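The values are calculated or read from the model by the stated rules, or taken from the named source; none is laboratory data. Remember, it's a predicted structure, so these values are computed and weren't measured experimentally. Backbone-built Cβ (ideal geometry, glycine too); neighbour counts: all protein chains shown.
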Amino acid sequence: MNRLLTTLWGQLPIPGRARSAIVWILSPKFTVGVAGLVRDKDGRVLLLRHTYRRSRPWGLPGGGLQVGESLEDCLHREFREETGLEIEVDSLLSAAAHLDRKLVDMIFSCHLREGETLDNFKANAEVVEARFYRLDELPDAMSMGQRRLIFVASKQAARDKSFHFQPGLGDWF
């Protein structure tokens, strides 16, 4: 059946824009989220206490991708919005699809831009506190999903098994 549909699809006189529209309509839609794993010189992880997560407010900085935004631009915007801090994005550590929630998460290794410290943190309606934590002293008020994400991303960052691909440049570096 797939072979027949593929053959028909290739032979039907459908203009390119119409083909793209059909594929888009028939394809599943996902929200794309980004999160940043920022570690200090002692290996501690930056966590934020979010106001909208009532019982388990602590987690990684990050948020949702907006239309026309690159993954890196999204991360920069989210850090500015949530902390008032500027970061540098180092590399992609992990990507995962959560099919039940129609969500794709991308976790990046990041570092605070030169001269930035938590002294520059600005509490706001979304985030009231920012702190660095050792992996063995993560706050209790954190979801198991966030905790698992931090451990997986930290292991990947320690092994330096990450990569960075910029579409259009044609290079893996």
When the stretch 38-82 is examined, which residues are found to be assigned to a loop (DSSP other than H, G, I, E, B), farther than 19 Å from ARG131 by Cβ and touching a residue at least 12 places away in the same chain (Cβ under 8 Å)? LEU65
Of all residues in the stretch 154-165 being polar (S, T, N, Q) and at pLDDT below 85, which is surrounded by the most Cβ atoms within 10 Å (Cβ to Cβ)? GLN156
What are the residues in the stretch 91-122 that are surrounded by fewer than 17 Cβ atoms within 10 Å (Cβ to Cβ) and either part of a strand (DSSP E or B) or touching a strand residue (DSSP E or B) at 6+ places or on another chain (Cβ under 7 Å) (or both), if any? SER91, ALA95, ALA96, ALA97, HIS98, LYS102, LEU103, VAL104, ARG113, LEU118
Matching residues, the stretch 69-88, being closer than 15 Å to VAL32 by Cβ and in contact with a Cys (Cβ under 9 Å, 6 or more places away or on another chain): LEU75
Being among the charged types (D, E, K, R), touching a strand residue (DSSP E or B) at 6+ places or on another chain (Cβ under 8 Å) and surrounded by fewer than 17 Cβ atoms within 10 Å (Cβ to Cβ) is the filter here; which residues of the stretch 35-76 pass it? ASP40, ASP42, ARG44, ARG53, ARG56
Just to be sure I understand, how many residues within the stretch 48-65 are within 17 Å of VAL104 (Cβ to Cβ) and touching a helix residue (DSSP H, G or I) at 6+ places or on another chain (Cβ under 7 Å)? 4
When only residues in the stretch 124-153 that are among the basic types (Lys, Arg) and within 20 Å of the chain's Cα centre (by Cα) count, which is surrounded by the fewest Cβ atoms within 10 Å (Cβ to Cβ)? ARG148
Suppose the filter is out of contact with any Lys or Arg (no Cβ under 8 Å at 6 or more places or on another chain), in a helix (DSSP H, G or I) and surrounded by fewer than 10 Cβ atoms within 10 Å (Cβ to Cβ); does ARG17 pass it? yes
